[in-house]
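The values are calculated or read from the model by the stated rules, or taken from the named source; none is laboratory data. These numbers come from a predicted model, not from an experiment. For neighbour counting, all protein chains shown are included, and Cβ atoms are generated from backbone atoms with ideal geometry for every residue, glycine included. To get the accessible areas, we keep the full protein, side chains included, count just its heavy atoms, and leave off ligands, DNA and RNA. Shrake-Rupley method; radii C 1.70, N 1.55, O 1.52, S 1.80 Å.
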Amino acid sequence: MLEERYSPHAIEVKWQKYWEENKSFKVEMDKDKPKSYVLEMFPYPSGNLHMGHVRNYSIGDVVARFRTMKGFNVLHPMGWDSFGMPAENAAIKHGIPPKKWTLENIANMTRQQKALGLSYDWDREVATCKEDYYKWTQWFFELFYKKGLAVKKKSAVNWCDTCNTVLANEQVIDGKCWRCDSVVEKKDLEQWFFKITDYADELLKDLDLLEGWPERVKTMQRNWIGRSEGLEFSFEIPELQEKVAVYTTRPDTAFGVTYVVLAAEHPLVEKICANNPKAVEIKAFCDKVRNQSDIERTSSESEKEGIFTGVYAINPFTGRKVQIWITNYVLYDYGTGAVMGVPTHDSRDWMFADKYGLEKIVVINPKDKELKLEDMTDAYEEKEGVLVNSGKFTGMEMHEGMQAIMDEAEKMGIGSRHVNYRLRDWLISRQRYWGAPIPIIYCPHCGEVLVPEDQLPVRLPEDVDFNAGSVSPLATSESFVNCTCPKCGAPAKRETDTMDTFLCSSWYYLRYTDPKNDKAPFAKKANQYWGPVDQYIGGIEHAILHLLYSRFFLKVLRDAGMVDYDEPFANLLTQGMVIKDGAKMSKSLGNVVSPEEILEKYGADTARLFIMFAAPPERELEWSDQGVEGSFRFLNRVWRIVYNYLPQLEQKVTSYDTAGLTEADKELRRVVHGSIKKVTADIDKRFNFNTAISTMMELVNALYAYKEAKQEANAGLVYEAISALLRMLAPFVPHITEELWRGAVDADSSVHAQKWPEYSEDALKVDNVEIVLQVNGKVRGRLTVPAAATKEELEKIALADANVQTHIGDAKVMKIICVPGRLVNIVAK
RNA sequence: GCCGAAGUGGCGGAAUUGGCAGACGCACUUGACUCAAAAUCAAGCGUAGUAGCCCUACGUGCCGGUUCGAGUCCGGCCUUCGGCACCA
């Protein structure tokens, strides 16, 4: 029996319990049904859900429930990205073991998620910190290792002193640590890398396949990968009997080279210093540059500095002797770590040449004029022009010259065409405790040895000192470090670093397809059925990090034959932030609204409805307490109208005779079917949940208007309207619709097990339409005409209109434009 | 500097293919109900002119263009947000 008043808490608890006990959202493979894999980015178990989570999960839940009703077999799982620093910090600060802290947080956040009424298959839950998960993370490390994609190498890496660990390039934002904002230092260390650069070209190219991704995210990834094409060629250094290779994207300016610059770390520096009277000075300069932080070094505003080495190189194209300099503005780890200096056509070189009085030669002229050095105030960098002062290439158009000079370099054997990427290899080792240990053993005889597969997982020890400093806390556990070599049995030592948590999250979406498998990370069959993710939903902050790493991971697995598609996420929706008073919710601003507080006051359905209604999903969402109030009001309105129509619904009349409908009936029927058409398209094609909801509000308004109409309600029509309304609202507000469905439509079935409603074209038809009368494009009147009116009839009616005639006045009618069903426009002069 | 997204009432936002700008909601105003208030139901609500309706003019960041007709298309700017940036 349906209560007269809507009381959210009682019904929400009731249906949540029912769904849980009945495992209502459990799914299995079913070859007879089309599948859909809907996934929200799994959270870090920080302890409490925030509004961003609620938004993320509400969007996912609407999509999942909608597709289920549309007949898809929907995979909609949830899990935990549960390794990471906060757990370790809790251990350091409060002495709570990371595992305990993490599991308690997971328990609390799971409770909060369940209170939102989300349709997850909880049997598929994964947590990356659990042994049955990180065992496979380690297994993947071994796979990458065997394929030569996991390598240990020494290089200058990013070090965060606050977090006591190295960081990947992607985790350094503006020279600062992504997590704690401390300035990152460079350190020369031997570390484990994943060779993501091997896949740079494919990661770039395949972005074109991702039609269902936002342009913004693809652009960010393109920028990050940073592909450039150019020429790599060498200058001879006769006095050292050496060569120095440079990389340039402007080979057309090769005849304008007046000097060569090296990065301070360049290996030639040492040779240059041997028997060099300026050796002490040069070394001091290089030390100074190397000690600058990345921020100082790479800021384009900072002063360019350099020192002349006293050594010369020969430009292979001109035979000219040019000075070799060392500077702070050349990056050692991009290209060859050395650059040719062309002051006239590169503004950085211009500044440098000005400062140190180096020669300038014009080698490109704009198409229509001649450059004169004395008139120039900066380099000419435009991408069009004609070569001059360039030997046999003089007179060539710039792009033609570029190709010709590259051909020449290849012919001369001094260089070749080359592609460079900004993307660097992914540094995956971390000197931290709460992560998956790297499954490597160092043996004094055999060297680096993988832990045999049957000995995985390498378990995290518990007897560690979390304040170990610049080494991983794992190094303080004797029982962990000391082991025997799997190959020769000699005493050996374990690797003590753990893996970047982004590695754990690079494959979790695959585990969901087969979460309990203890023979493999997932069965190929399960993945063939469920994969790839059809709709991925998450924050834009992962545009590069997680989304790039996952794409890389999947391509490696594809090449290993484990999956047979190219991209992990076919469609991506990046939701906007939830803000209040114009700013991101934060403790320091005091503008945080906690989900629990809203749930307590209004219930989950109101919270979900408001979040879906207040803004389109990709945009920022401005929190409004009054808006929440409005959503609550709407749900009450829905409740009341259903309650009001109980007498009609109880007759169980489920059909009606279309011939016997009154005008009011027809109008309601038209709104019902029009709503079904629009709501379906808004959810399915456009993800415009806000307009879907506004359409349903209009439907509710129409039901109120129908109630006011001076006639008896048509029970069959009312049944159709209420039944469609509840089904369409069900993905958004699952509890209230379930209660109303069972109480007013069908006590024995769940609204969530129903088919999505369908509309009939026939019901959309109208007898009369209102058309707009225009004179010269301006609206001068409105008329209701039969929908079937012909062009000729419309023209006649339009010309007869009094106001239209006033506006035509004495002018002559030139022509009449008729858009049936919309307007008549009279062009008069 | 390069790349991307966006600019519409007091506010959040609609207008999907070039065809009535402002759907829906919030806020506000009024009426009904009530002793009263809340809740609810009904109505109004871009700006200006008009007591008021009708009506008229203006109105989607700015300037221009195409078109019978432009929030929407084209050219040129401005502003805001986001990404990359000494990447040769």
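For this structure, a couple of remarks:
- Residues that are polar (S, T, N, Q) and within 7 Å of RNA strand B (Cβ to nearest atom) were ranked within the range A:293-339; the one that is modelled with the highest pLDDT is A:328.
- Residues within the range A:355-370 that are free of Cβ contacts under 8 Å to residues at least 24 places away in the same chain and within 13 Å of RNA strand B (Cβ to nearest atom), tallied: 0
- Residues satisfying the stated conditions in the range A:648-665, i.e. open to solvent by 80 Å² or more (accessible area, probe 1.4 Å) and of a type outside the set (Ser, Thr, Tyr): A:650, A:651, A:652, A:657, A:659, A:663
- Pairs meeting the criteria (first residue in the range A:788-815 and of a type in the set (Lys, Arg), second residue modelled with pLDDT of 85 or more, beta carbons under 6 Å, at least 6 apart or on different chains) are A:791/A:818; A:815/A:827.
- Qualifying helices (runs of 4 or more DSSP H) (wholly inside the range A:710-829; at least 3 residues being within 15 Å of RNA strand B (Cβ to nearest atom) and open to solvent by less than 40 Å² (accessible area, probe 1.4 Å)): A:715-729
- Scanning the range A:38-54 finds no residues that are surrounded by fewer than 24 Cβ atoms within 10 Å (Cβ to Cβ) and charged (D, E, K, R).
- Complete set of residues in the range A:97-118 that are open to solvent by 10 Å² or more (accessible area, probe 1.4 Å), small (Gly, Ala, Ser) and touching a residue at least 12 places away in the same chain (Cβ under 8 Å): A:115
- Flag if residue A:152 is in a strand (DSSP E or B) and modelled with pLDDT under 95: no
- Leading residue by the ranking (least open to solvent (accessible area, probe 1.4 Å)) among those in the range A:522-535 that are under 25 Å from residue A:200 (Cβ atoms) and at pLDDT 95 or above: A:533
- Sub-7 Å Cβ pairs linking a first residue in the range A:73-96 that is more than 14 Å from residue A:473 (Cβ to Cβ) and assigned to a loop (DSSP other than H, G, I, E, B) to a second residue that is modelled with pLDDT under 90 and open to solvent by less than 20 Å² (accessible area, probe 1.4 Å), at least 6 apart or interchain, are A:96/A:90, ordered by first then second residue.
- All positions within the range A:479-503 that are in contact with an Asp or Glu (Cβ under 7 Å, 6 or more places away or on another chain) and either buried (at least 16 other Cβ atoms within 10 Å of the Cβ) or among the acidic types (Asp, Glu) (or both): A:501
- A count restricted to the range A:579-608 and to residues that are small (Gly, Ala, Ser) and either surrounded by 15 or more Cβ atoms within 10 Å (Cβ to Cβ) or in contact (Cβ under 8 Å) with a residue 24 or more places away in the chain (or both) stands at 5.
- Of the residues A:24, A:36, the single one that is part of a strand (DSSP E or B), over 23 Å from residue A:615 (Cβ atoms), of a type in the set (S, T, N, Q) and touching a residue at least 60 places away in the same chain (Cβ under 8 Å) is A:36.
- Residues that are without any contact (Cβ under 8 Å) to a residue 12 or more places away in the chain number at least 3 in none of the strands (runs of 3 or more DSSP E) confined to the range A:460-555.
- Residue A:517 being farther than 26 Å from residue A:224 by Cα, more than 16 Å from RNA strand B (Cβ to nearest atom), open to solvent by less than 10 Å² (accessible area, probe 1.4 Å) and not small (Gly, Ala, Ser): no
- Set A:701, A:690: member being out of contact with any Cys (no Cβ under 8 Å at 6 or more places or on another chain), within 15 Å of RNA strand B (Cβ to nearest atom), in a helix (DSSP H, G or I) and open to solvent by 40 Å² or more (accessible area, probe 1.4 Å): A:701
- Subset of the range A:39-72 (residues that are assigned to a loop (DSSP other than H, G, I, E, B) and within 22 Å of residue A:578 (Cβ to Cβ)): A:41, A:42, A:43, A:44, A:45, A:46, A:47, A:48, A:49, A:50
- Test: residue A:290 is more than 13 Å from RNA strand B (Cβ to nearest atom) and under 42 Å from the mean Cα position of the chain (by Cα): yes
- Residue match in the range A:560-578 (condition: touching a residue at least 40 places away in the same chain (Cβ under 8 Å), farther than 28 Å from residue A:210 by Cβ, within 13 Å of RNA strand B (Cβ to nearest atom) and open to solvent by 10 Å² or more (accessible area, probe 1.4 Å)): no
- Looking only at the range A:155-187, and only at residues there that are in a strand (DSSP E or B) and open to solvent by 60 Å² or more (accessible area, probe 1.4 Å), the one that is nearest to residue A:222 (Cα to Cα): A:173
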